[in-house]
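This report refers to the structure that appears directly beneath it.
The values are calculated or read from the model by the stated rules, or taken from the named source; none is laboratory data. All figures in this text were calculated on a predicted structure; none of them were measured in a lab. Note that each Cβ is placed from the backbone with ideal geometry, even for glycine, and that neighbours are counted across all protein chains shown. What goes into the accessible areas is simple: the full protein's heavy atoms, side chains included, and nothing from ligands, DNA or RNA. Shrake-Rupley method; radii C 1.70, N 1.55, O 1.52, S 1.80 Å.
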Amino acid sequence: MAQSQRVPVLAMKGITKQFPGVLANDRVDFTLEQGEIHALLGENGAGKSTLMKILYGLYGADSGTISVRGQEALIREPNDALRLGIGMVHQHFMLVQQFTVAENLVLGSEPRRRGIFLDMNAAVAKVKEVSEQYGLAIDPNARITDISVGMQQRVEILKALLRGADILILDEPTAVLTPQEVSELFAIMRNLQARGKSIVFITHKLKEVMAISERVTVVRRGRVVGSLDTSSTSVDELARLMVGRDVELVVEKGPAHPGEEILVVDDLNVLDARRLPAVRGVSLSVRGGEILGIAGVDGNGQTQLVEAITGMRRCASGRVMLAGKDITNSEPRRLFESGVVHIPADRQRHGLILDFSIAENMVLQTYYRPPFSVKGRLNWEVIRSEARRLIEEFDIRTPGEDVPAGSLSGGNQQKVIVARELSRQPELVIAAQPTRGLDVGAIEFVHGRLVEARDAGKAVLLVSLELDEILALADRIAVMYEGEVVGVLSRDEATEELLGLMMAGAARGSDPDASEVATG
Amino acid sequence: MSRPRNGGLWQELRVPAAAVIIGLIIGAVFMAMTGANPLTAYGALLSGCFGKPVNISETLVYINPLIFTGLSIAVAYRAGLFNIGAEGQMIVGMVAAAVVGYAGTGLPRAIHLPLTILSGALAGAIWAAVPGYLKARLGVHEVVNSIMMNYIALYLSHYLVNGPIKDPQVIAPYSREIADSAKLFRFFGGFRSEFRVNTGILIAVAAALLVYYVLYKTTTGYEIRAVGANADAARYAGINVPKAMAVSMLLAGSMAGLAGAVQVCGIQYKFLDLFAFEGFGLDGIAVALVGKINPFGVVGAASLFGILSRGAQMMQGIAHVPKQVAGIVQAAIVFMIAAEGLVEGWLSIPGLSLKKAGKAQKEDA
Ligand SMILES: Nc1ncnc2c1ncn2[C@@H]1O[C@H](COP(=O)(O)OP(=O)(O)OP(=O)(O)O)[C@@H](O)[C@H]1O
Ligand SMILES: [Mg+2]
């Protein structure tokens, strides 16, 4: 190494971390230069979050050293990290939902009046000051429950900055963001960088790595396999380094052969939790053998539409038909039994029981049926061997089927859900953000499975905030804006620009029914 | 086991064992401060619990109901419910067993005994069904209702034993003695043996096995656990959340009811007027939590609590430790076990650097 090189702001050397049955980090070296944005890339379960949690003092390393600004540091808990100016925004946020933005921000270091009284005005003022300083506009008095995920993330970033972070760890910050929010986040990151902050940025999106980082470190199965300058690498090279083989970044799929209408939604109206109209007069149909994509900016009624179809939320009016049968407001179990499967958008809240083992999670909808149980008695042999089969088939990285789902890496948690749902012989697949948090290899796999389901004559309803995903998979695309379907396009008509305009409410597509005739 | 843990029994027991030891040390410090000799006191605890055969028998008598109430709390807790009503469910269990045990006089033992025991379980279940139903159907929080049901049970039993079911032969507010055909056998000697330990302890262990079986081997138990661990995800998966809650409450109530029935059929042979809650239900909460909501853990925790409670009395009686200090010793141990994370942290302090050094060497080699 060149002698003239500056002292890196952070140097992790020989970090090793063993979990029961998994070597999560294997002698990892990682350096972060002052003022750089450094992408950390790797497959699901490669050990990225673990490495960063060690840096932040959440896990203790089995061996290895950490130096901050040239000084060897002992980081035993997050407070140690914070003192060293290290802040972290987690993959799964850690905010108190019922508190306001300002309350969350000062939690743990509340400004006080006369020693004991919480000085909320000072807190709000402080929040305003810091958020203006970094160009992170936010309303300090809004409740966390009421603000978007993108805003919640800003709160997390602000929280780290307020505590004096110079080194900022962002663990998959873009996984939960809309494209607009991603570009806003990037602007914030650049701004922070301009003010001398150094940033570790974890992502699975290679485009994002190319767009924002100066350097990129790739980990595979707990080991560093490369540390490169972003300018001298390419998306393909990164994908290959990450997965260890060539990856198809575009889905191979032939033309659709649409059959009978499987799902018909007719003039559906749904209210949201505050009893305001969230879905307004939506009519849609999905045929067997096609993928209907629903595009839209987050919060335009997609969530409530899916909830209504899957029986999780009452329809105020309108009808939902499955293969000619009325399933409006049916119990979820009846829907499953008639062949509906559902990959919910919020995996930790709705898709998994984190305290349950993988095996237990794999039979969440089917546990009461043979062969998983007979006359009310669970057959653990069968349940566990089925789990082992799915772990194998879907390449879920885990030491075994008995570990709690909560101990899996984020992407592997998602794979558990996808495996469970797609293995259930569906007629209709409802997939909301099915690849959120997955690595390129896993995305390739899940996309392949969705196309396979389509080609087997199943109906697939895909809800995604990512236009890339919609454009890659969908045969027809419905755009939602403010609770309405503002147009249904065939794949050929759809361009990124047109969809963007429609999603912003600036253009309407052709009449939904007309376009159906055109493609049907 | 549905979910064998890595690390084995020692890993599971390491923290509770350390907690007990730390609790004993804290207790010793307190006793020393108040002028009692900790060694004499702990000697009294041990000899009082285990010194003579009859002491062992009495300790088991104390442990017996705690197993049931601990199971009761644990089952409800698995569904995410807090069954603070075990106290009242146990009272109605006692009353029901006392009534059936007397009224069924003349029935053959093979029918009368099970009938009496089950009537207690049924009464407890009915008592738990009220808050269970209100919670499942209307979402009313179970704690408030359970507490009210406790008072209703207490005063109702008070009324009954001073009136309708009172034994007219005696002045004291007792119910009539149950028939011999409804009494549980004592292991040593007849129904008047001073060794009061009886087959009720076997029923308690069987109940723990049953609860384990239900929770981990049946679909009903799966539903209960799913609802308790993540009700949202359970609902998304099509599990009937209110039903699972209701079932767990019924099971919880029947466990507490069994506590009462076994107390009547094995120890008291009648219902004795209560002037206040006996506290088995409340202790059951601590037992369940210390036992990590696991049926076998509950048996272990109930044993610990039984020993501590009886030991506290013995420390008072033999070593003249003030009652309050004995209570502090007990509380210190419970607190240490409950504050598991704290103890775990302490355990890792000296071990941490050792472990790190050891592993680092291995890596280098
Ligand atoms: N608390 C834990 N207990 C046991 N195993 C764990 C724990 N946390 C992580 N692991 C395991 O360590 C490995 C690395 O996990 P980690 O969360 O670091 O992956 P990741 O690279 O962040 O993946 P993803 O992209 O999916 O988030 C995984 O195999 C995971 O199962
Ligand atoms: Mg991660």
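Tabulated data
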item	result
Count of residues meeting criterion [within 12 Å of another protein chain (Cβ to nearest Cβ) and either in a helix (DSSP H, G or I) or within 12 Å of the chain's Cα centre (by Cα) (or both)] in segment A:426-437	1
Odd one out for B:Ala206 among (1) within 14 Å of chain A (Cβ to nearest Cβ); (2) free of Cβ contacts under 8 Å to residues at least 40 places away in the same chain	(1)
Lone qualifier among B:Thr199, B:Thr218 - being within 14 Å of chain A (Cβ to nearest Cβ), within 25 Å of the chain's Cα centre (by Cα) and either open to solvent by 60 Å² or more (accessible area, probe 1.4 Å) or among the polar types (S, T, N, Q) (or both)	B:Thr218
Residue within segment A:109-121 that is within 16 Å of ligand 1 (Cβ to nearest atom) and at pLDDT below 85 present	no
Residue in segment A:93-100 that is more than 14 Å from every other protein chain (Cβ to nearest Cβ), within 16 Å of ligand 2 (Cβ to nearest atom) and open to solvent by 10 Å² or more (accessible area, probe 1.4 Å) present	yes
Residue check, A:Asn269 of a type in the set (S, T, N, Q) and outside the structural domain of A:Thr50 (by TED's automatic domain parsing)	yes
Helices (runs of 4 or more DSSP H) contained in segment A:144-226 and holding at least 2 residues open to solvent by 30 Å² or more (accessible area, probe 1.4 Å) and of a type in the set (Asp, Glu)	A:179-194
Residues located in segment B:177-192, provided they are of a type in the set (Lys, Arg) and assigned to a loop (DSSP other than H, G, I, E, B)	B:Lys183, B:Arg192
Matching residues, segment A:25-57, being over 26 Å from A:Arg6 (Cβ atoms) and away from every other protein chain (no Cβ under 14 Å)	A:Gly42, A:Glu43, A:Asn44, A:Gly45, A:Ala46, A:Gly47, A:Ser49, A:Thr50, A:Lys53
Test for B:Leu24: is it within 23 Å of the chain's Cα centre (by Cα), of a type outside the set (Gly, Ala, Ser), crowded, with 19+ Cβ neighbours inside 10 Å and at pLDDT 80 or above	no
Looking only at segment B:314-338, and only at residues there that are modelled with pLDDT under 75 and small (Gly, Ala, Ser), the one that is farthest from B:Val298 (Cα to Cα)	B:Ala326
A:Ala142 being assigned by TED's automatic domain parsing to the domain that holds A:Leu192, small (Gly, Ala, Ser), away from ligand 2 (no atom under 16 Å from the Cβ) and under 14 Å from A:Phe99 (Cβ atoms)	yes
Single match in A:Arg221, A:Arg195, A:Arg190 (criterion: within 16 Å of ligand 1 (Cβ to nearest atom) and over 30 Å from A:Gly324 (Cα atoms))	A:Arg221
Filter pass, A:Ala459 being touching a residue at least 60 places away in the same chain (Cβ under 8 Å), buried (at least 23 other Cβ atoms within 10 Å of the Cβ) and within 16 Å of ligand 2 (Cβ to nearest atom)	no
Segment A:322-368, residues that are out of contact with any Ser or Thr (no Cβ under 8 Å at 6 or more places or on another chain), farther than 23 Å from A:His92 by Cβ, more than 9 Å from chain B (Cβ to nearest Cβ) and not hydroxyl-bearing (Ser, Thr, Tyr)	A:Gly324, A:Asp326, A:Asn329, A:Gly339, A:Val341
Test: residue in segment B:257-279 that is within 14 Å of another protein chain (Cβ to nearest Cβ) and either free of Cβ contacts under 8 Å to residues at least 40 places away in the same chain or touching a helix residue (DSSP H, G or I) at 6+ places or on another chain (Cβ under 7 Å) (or both)	no
Failed condition for A:Pro255, given (1) open to solvent by 50 Å² or more (accessible area, probe 1.4 Å); (2) in a strand (DSSP E or B)	(2)
Residue that is surrounded by the fewest Cβ atoms within 10 Å (Cβ to Cβ) [pool: residues in segment A:283-298 that are in a loop (DSSP other than H, G, I, E, B) and of a type outside the set (A, V, I, L, M)]	A:Asp298
A:Ser423 more than 14 Å from every other protein chain (Cβ to nearest Cβ), within 12 Å of ligand 1 (Cβ to nearest atom) and at negative phi	no
Residue among A:Asp402, A:Asp395 that alone is within 8 Å of chain B (Cβ to nearest Cβ) and farther than 30 Å from A:Leu263 by Cα	A:Asp402
Hits in segment A:367-403 - residues which are surrounded by 17 or more Cβ atoms within 10 Å (Cβ to Cβ), near ligand 1 (Cβ under 10 Å from one of its atoms) and not β-branched (Val, Ile, Thr)	A:Arg397
Exclusive hit being buried (at least 24 other Cβ atoms within 10 Å of the Cβ) and among the hydroxyl-bearing types (Ser, Thr, Tyr), set A:Ser464, A:Ser490	A:Ser464
